[in-house]
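Since every read-out is calculated from the coordinates, none of them should be taken as a lab result. These figures come from a predicted structure and were not determined experimentally. Note that we place each Cβ from the backbone using ideal geometry, even for glycine, and neighbour counts take in every protein chain shown.
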């Protein structure tokens, strides 16, 4: 039989009636509240009992400081009235009483409302505004990329994931803030008319549950698409990163609790907890960055390489859809190949590089393959490739070529200041390939290129 | 506020005040410990009562001159209300407002 039960309660500081009822109901089932953590409320198994719970608010209470003299005096006063302190949650002090008809903890509704407002201004509003800033940052950063560089945006699932997350978070926070504001206005009116603070509806709780559900679903969809696009390394990185963040939060919370339990002042606690937070965050970011670079986590694994003319060449080059050998029929002694794959639910993207060394010197081949299902996005991708490069002093233009030798549907060739170069754009019904060669291909090479890049039926 | 200040004519702690109010009002008025503690702090800050001693976590207070004059003003306000009621109610033979 388990001793503890951990439950995620989607409640806010102003849901005092719901909290009191929830805790009484839990104790009636044999679970007594023991502690309120960052994510979960911890209940300890106890004898089922009909008890009363009530909360009050202390403006001098803090998550960082040990109980103040005021809190201790309040606890003594409550104990005299039959109320036993159970836990605290920011400024909220939670008491229980086993008396059949205990004196209510709060008997002045105007004072209660004033204290709740003070507590909300200290915790709820700053944290919500901070999160709102983060949500707006996501919207501006990724929305900006969607507008200015849509191809890059759609080349990874991170873009749509962060943008949707930003919108969801902003909507959730806005609804949450409006919910509190509505409750406060109505309570002010009710108290002014001699009534009580109104009962907060379950809307806020459902909103929070709904947001969490959607967030989990969104994350699952993101990870699923990443996995399907061959991004298993990104999925593992994401899972590891999330686990590390949760561990960081756990350690920071434990530090704060330890310092609070050992009587450190609020200032020292804040300083040390913040220090631990910054050090761990810096260690996490630098450790992950080092790991990603050192193990080439997001790149194609190139363990067996050697240097040849300052180029990192492969002992066992990876397979690519098109190679210089395919084009020339020659075998090369020194080959360097790289491939970067990405994609999202909208498109699949692959960028390949090859450098080979022959008697004539170094030759290179670079191409990007983009598979797009929808026509509107295909057009965006094509226009993006054809867009003039602002940093280039040369005037760039693209002219159509005969697609027949390429076995494709449409082909464009790039012109620099009116002079043709060896960069081509090939298009099939679902695929676009941007190809850069050292020299223009002959008819046979065009045919080989077309066959190599032709998408499967 | 009225009953709390009234109770501090003598030096008392919060628990005594809660009990005293319940007794003198025959259970008609109850002040919860959460509310009482907030008000005690406010009264101390405003100089209406002062802390006299501390026994463990229990603090004792007594009314100040400022608190006494505020209590007096409140008494006069309430008395005026009662006198107005008596003077104006028709069943008391009072004049029409």
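Tabulated values for the structure
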{"quantity": "Residues A:85, A:446, A:254, sorted so that the one with the fewest Cβ neighbours within 10 Å comes first", "calculated": "A:254, A:85, A:446"}
{"quantity": "Relative contact order (%) - region A:171-291, alpha-carbon pairs under 8 angstrom, separation at least six", "calculated": "15"}
{"quantity": "Whole-Å distance, taken between Cα centres, linking region A:304-361 and region A:138-184", "calculated": "38"}
{"quantity": "Added length on full extension, which subtracts the Cα-Cα distance from 0.36 nm per residue, residue A:131 to residue A:233", "calculated": "33.8 nm"}
{"quantity": "Other protein chain Cβ atoms within 10 Å, averaged over every residue that makes up A:74-87", "calculated": "5"}
{"quantity": "Mean separation of Cα contacts under 8 Å, 6 or more apart, over the residue count of chain B: relative contact order %", "calculated": "25"}
{"quantity": "Residue A:21 paired with residue A:444, simple spin-label distance in nm, labels 7 Å along Cα-to-beta-carbon", "calculated": "8.4"}
{"quantity": "Potential extension, residue B:41-residue B:84 segment - 0.36 nm per residue separation minus Cα distance", "calculated": "12.1 nm"}
{"quantity": "0 to 90° range, to nearest 10: angle between helix A:69-80 axis and chain A longest Cα axis", "calculated": "50"}
{"quantity": "Along each principal axis, Cα extent of chain A, largest first, Å", "calculated": "97, 47, 45"}
{"quantity": "Solvent-free Debye scattering, log10 I(q)/I(0), computed from the Cα coordinates of region A:117-274 at q = 0.09, 0.15, 0.16, 0.20 Å⁻¹", "calculated": "-0.47, -1.05, -1.12, -1.27"}
{"quantity": "Residue order, fewest to most beta carbons within 10 Å, for A:221, A:103", "calculated": "A:221, A:103"}
{"quantity": "Per-residue [θ]222 nm for chain A (sum of -39500 (n - 2.57) over DSSP H runs n ≥ 4, rounded to 500)", "calculated": "-16000 deg cm²/dmol"}
{"quantity": "Folded to 0 to 90 degrees: helix A:232-261 orientation relative to chain A principal axis, Cα", "calculated": "30"}
{"quantity": "Ranking of A:9, B:10 by count of other Cβ atoms within 10 Å, fewest first", "calculated": "B:10, A:9"}
{"quantity": "Sites residue A:386 and residue A:175 - FRET efficiency at Förster radius 45 Å, r taken between beta-carbons, to 0.05", "calculated": "0.55"}
{"quantity": "Potential lengthening between residue A:311 and residue A:28 on full extension [0.36 nm per residue; Cα-Cα distance subtracted]", "calculated": "94.6 nm"}
{"quantity": "0 to 90° range, to nearest 10: angle between helix A:375-386 axis and chain A longest Cα axis", "calculated": "60"}
{"quantity": "Protection proxy ranking of A:106-116, A:29-39 - average other beta-carbon atoms within 10 Å, highest first", "calculated": "A:106-116, A:29-39"}
{"quantity": "Cα gyration tensor shape of region B:1-71, rounded if a/c is under 1.5, else prolate or oblate by comparing a/b with b/c", "calculated": "oblate"}
{"quantity": "Calculated FRET efficiency for the pair residue A:240/residue B:24, C-beta based, R₀ 56 Å, to 0.05", "calculated": "0.25"}
